[in-house]
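First comes the structure, then the notes that go with it.
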Amino acid sequence: MGWPLDKGEALLERLLDLATQPRFTVRHHWERGDLVLWTTPGILHRAYPYEVESGRLMHRATVDQQVA
């Protein structure tokens, strides 16, 4: 907060470049019946485009953890 927009965007670009280096990435090659789970707070994830006819089915589950 308090940074000019261009400085903030430059920092985000630098962090994304660092986080997406091949040594920090994993790419799953899908096969029928695969199930992949991840925790959003611990991972940067993105999906590549796929054909609607691919049969891909995605479900989302959200767990709300109450902290006392």
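The values are calculated or read from the model by the stated rules, or taken from the named source; none is laboratory data. These numbers come from a predicted model, not from an experiment. SASA here: full protein model, heavy atoms, side chains in, ligands and nucleic acids out. Shrake-Rupley method; radii C 1.70, N 1.55, O 1.52, S 1.80 Å.
A few points about this structure:
- Sulfur and carbon atoms: percent of accessible area, the chain [1.4 Å]: 57
- From its DSSP helices (H runs of at least four residues, each -39,500 (n - 2.57)), the chain gives a residue-normalised ellipticity at 222 nm of -7000 deg cm²/dmol.
- The C-alpha radius of gyration of the chain, expressed as a fraction of 2.2 N^0.38 Å, stands at 1.55.
- Accessible area per residue in Å² at 1.4 Å probe, computed on the chain: 112
- Gap separating the Cα centres of segment 53-68 and segment 19-41, nearest whole Å: 15
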